[in-house]
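*Asks:* This is the structure I want to talk about, given as structure tokens.
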Amino acid sequence: MPTTFFSDFALIGENLDIKEKIYFQVSEEGLIKEITTQRPKNSDIVEFKDALVVPGFINAHVHIGDSFAKDKGVNLTLPEVVEPPNGLKHRLLKETRVETIIEGMRNGFKEMLSSGTTTFADFREGGPDGILILKEALKDSLIRAFILGRTTPDFNTPHEILKIAHGIGLSSSNLYNDTELEMFAIFCLEGSKIISTHVSETEEERKIAFERFKISDIERAIKILKANILIHAIHADNKDIELISQYDVPIVICPRANGYFGAGFPPISAFLKNKIVLCLGTDNVMANSPDLFREMEFLFKLFRGTNGINMLKSKDILSMVTINPAKALRLDHLTGSLAERKYADFFVLDLNSPNLVPMENIYDSLILRAKSENIIATYLKGRLAYERRYNS
Ligand SMILES: [Zn+2]
């Protein structure tokens with residue numbers, strides 16, 4: 001028998017429209033069969049009173065593998081922590097027991113589910129073996145991982161990675177010559193896979209690209225790698241921004257991680273003026289909690305602090321964790337909004353929470369006031385993936 005969920009309020013469709021007294025009928029496969037204001041017959045009903053149902057968040061850029069090493073590199077520079085092959089993260093990943101890495105990942109999944117995230121896009125280090133470790137960790141969780149694997153130095157693995165992952169996620173395009181990047185592009189195109197890379201996270205990264213290849217790492221990522229998604233682009237210049245806009249490549253921005261590493265902040269207002277699609281990510285768990293509520297509030301205030309009010313609305317930020325990443329990852333036929341024939345991926349927010357009452361505007365409250373403690377439950381494909389208990 002299908003399950004029906006009822007909520008006093010829900011955010012429906014790609015436009016996140018606020019609807020009242022809504023029933024969602026969900027099939028046994030976890031797809032939303034019908035969204036209606038009529039109480040369906042012949043269905044078990046799970047009721048959420050004084051609650052808001054929100055589409056499950058999508059964290060568009062995470063490194064879940066370093067969850068076991070929280071804040072170990074807090075006073076180190078970005079290259080000292082994350083640069084392959086000898087940055088602290090890579091040394092720790094090599095010398096740490098697999099069981100410890102998996103335990104860290106599982107804590108990361110719990111933190112994400114408890115803060116409303118139902119899908120995350122992971123840049124998984126360690127080649128095919130690294131992907132298998134993540135898949136082992138995922139066995140106990142309903143969370144959905146979109147895995148972008150990384151080639152190992154022997155360089156024989158792109159096809160092995162693409163057999164078991166959703167695509168490729170490069171640390172930096174600077175590590176590969178043009179022929180290698182073209183090969184990645186062809187492999188991904190042939191397999192209908194996603195290809196992504198970090199770009200212009202530091203000035204140094206850009207300098208190396210110009211010295212070695214005479215063009216920016218962003219231009220190489222777009223024209224040679226044919227990247228579907230760019231990560232960071234903190235130091236993108238006007239030429240790069242025009243190119244990103246022209247090729248319509250989404251960018252994942254990770255402002256809290258940028259702050260943590262002292263890397264600067266991306267030119268978000270220029271991205272918006274050029275109509276570039278933006279997604280939000282939380283980046284390395286060792287440096288930053290994978291909690292999109294914190295990321296959204298930080299972005300809102302950082303942006304206002306530097307650009308003034310009225311250019312970036314709360315609802316725009318909500319799109320960066322729902323429909324925008326769903327489209328960027330080509331998952332929008334399955335998730336990213338609550339609509340018929342998509343998966344019933346959502347979380348339930350308790351509107352009686354003291355930090356939310358009184359509520360002037362649902363979108364602003366979600367960005368500026370809501371926190372994971374207000375989430376009663378999180379569902380994937382209509383199945384309970386997380387439920388708050390009084391002592392958790
Ligand atoms: Zn990253």
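*Asks:* Work out from phi, with θ = phi - 60° and the Karplus expression 6.51 cos²θ - 1.76 cosθ + 1.60, the ³J(HN,Hα) of each residue of the range 356-372, listed in order in whole Hz, and give x for Gly and Pro.
*Replies:* 10, 9, x, 9, 7, 8, 4, 5, 5, 5, 4, 7, 9, 10, 5, 8, 4
*Asks:* Springs between alpha-carbon pairs under 10 angstrom, Gaussian network model over the chain: which of D17, D291, D178 fluctuates most?
*Replies:* In the Gaussian network model the winner is D17.
*Asks:* Only counting other Cβ atoms within 10 Å, I'd like H159, H198 sorted with the fewest neighbours first.
*Replies:* So the ranking, lowest neighbour count to highest, is H159, H198.
*Asks:* Classify the range 58-328: rounded, prolate or oblate, from the alpha-carbon gyration tensor (a ≥ b ≥ c, eigenvalue square roots; a/c under 1.5 rounded; otherwise prolate if a/b is larger than b/c)?
*Replies:* Cα axes put the range 58-328 in the rounded bin.
*Asks:* Okay, next question. Rounding to the nearest 20 debye, state how big the charge dipole of the range 58-328 is about its Cα centre with +1 on each Lys and Arg Cβ and -1 on each Asp and Glu Cβ.
*Replies:* Charge dipole, the range 58-328, about its Cα centre: 700 debye, nearest 20.
*Asks:* Let me ask something else about it. Which lysines, if any, have their Cα less than 16 Å from the Cα of K207, not counting same-chain residues under 8 positions apart?
*Replies:* Leaving aside lysines fewer than 8 places away in the same chain, those within reach of K207 are K239.
*Asks:* Another question, if that's okay. Could you pull out the pairs from K41/K139; K49/K110; K89/K313; K313/K342; K21/K301; K49/K315 whose alpha carbons sit more than 28 Å apart here?
*Replies:* Pairs exceeding the cut-off: K41/K139; K89/K313; K21/K301.
*Asks:* Would you kindly state how much longer the chain becomes between E373 and R91 on full extension, computed as 0.36 nm times their sequence separation minus their alpha carbon distance, in nm to one decimal?
*Replies:* Separation in residues times 0.36 nm, less the Cα-Cα distance, equals 98.1 nm.
*Asks:* Moving to a separate point now. Once Lys and Arg get +1 and Asp and Glu get -1 on their Cβ, which of N238, A221, A270 lies farthest toward the positive end of the dipole of the range 177-334?
*Replies:* Farthest along the dipole direction, towards plus: A270.
*Asks:* Follow-up. What ranking do V252, V81 get, fewest neighbouring Cβ atoms within 10 angstrom at the top?
*Replies:* Starting with the residue having the fewest Cβ neighbours, the order is V81, V252.
*Asks:* Just from its helices, what would the mean residue ellipticity at 222 nm be for the chain, if runs of 4 or more DSSP H residues each count -39500 (n - 2.57) and the sum is divided by every residue, rounded to the nearest 500 deg cm²/dmol?
*Replies:* -10000 deg cm²/dmol
*Asks:* Counting only C-alpha contacts under 8 Å and six or more residues apart, can you give the relative contact order of the chain as a whole percent?
*Replies:* 21
*Asks:* Compute the helix-to-body angle for 98-114: its Cα long axis versus the longest principal axis of the chain, expressed 0 to 90° and rounded to tens.
*Replies:* Relative to the chain, helix 98-114 is tipped by roughly 40 degrees.
*Asks:* Looking at the range 23-129, which GluC sites (Glu not before Pro) are in a loop (DSSP not H, G, I, E or B) and have at most 13 other Cβ atoms within 10 Å?
*Replies:* Loop-located and lightly packed - E28, E29.
Values quoted throughout were computed directly from the atomic coordinates according to the rules given, and no laboratory measurement underlies them. A quick note: this is a predicted structure, and the numbers were derived from the prediction, not measured. Positions of Cβ are generated from backbone atoms using ideal geometry, with glycine treated the same way; all protein chains shown enter the neighbour counts.
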